[in-house]
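The block underneath contains the structure these notes are about, expressed in structure tokens.
The values are calculated or read from the model by the stated rules, or taken from the named source; none is laboratory data. Quick caveat: nothing in here was measured; it's all calculated off a predicted structure. Cβ placement follows ideal geometry from the backbone for every residue including glycine, while neighbour counts extend to all protein chains displayed.
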Amino acid sequence: MNKFKRSFRRRSPSIRSDETIDYKNTSLLRRFVSEQGRILSRRMNRLTSKQQRSVAIAIKRARILALLPFSNSEN
């Protein structure tokens, strides 16, 4: 008998099918960046590994082009 029962409920996907992961889409990319400016993990984002890789690449490109900040720290 299992001690732990895992619920397999379907969560709503964090990326809709009509949204494309692109470095120019900063409103989408900001959802995957923490308050400190870090890229959130795949489990927190509820993404597949393929989507997580493309999100990370898009965030890094947007940072280089100054569309997203490298960090959100205000000192």
Open item on the list: For the range 41-68, which positions are part of a helix (DSSP H, G or I) and aliphatic (A, V, I, L, M)?
Closed with: 44, 55, 56, 57, 58, 59, 62, 64
- [ ] Please tell me if residue 43 is at pLDDT below 95, surrounded by 11 or more Cβ atoms within 10 Å (Cβ to Cβ) and among the basic types (Lys, Arg).
- [x] no
TODO: Give the number of residues within the range 41-55 that are among the hydrophobic types (A, V, I, L, M, F, W, C) and more than 11 Å from residue 23 (Cβ to Cβ).
DONE: 2
TODO: Could you identify the single residue in 22, 18 that is modelled with pLDDT of 90 or more and assigned to a loop (DSSP other than H, G, I, E, B)?
DONE: 22
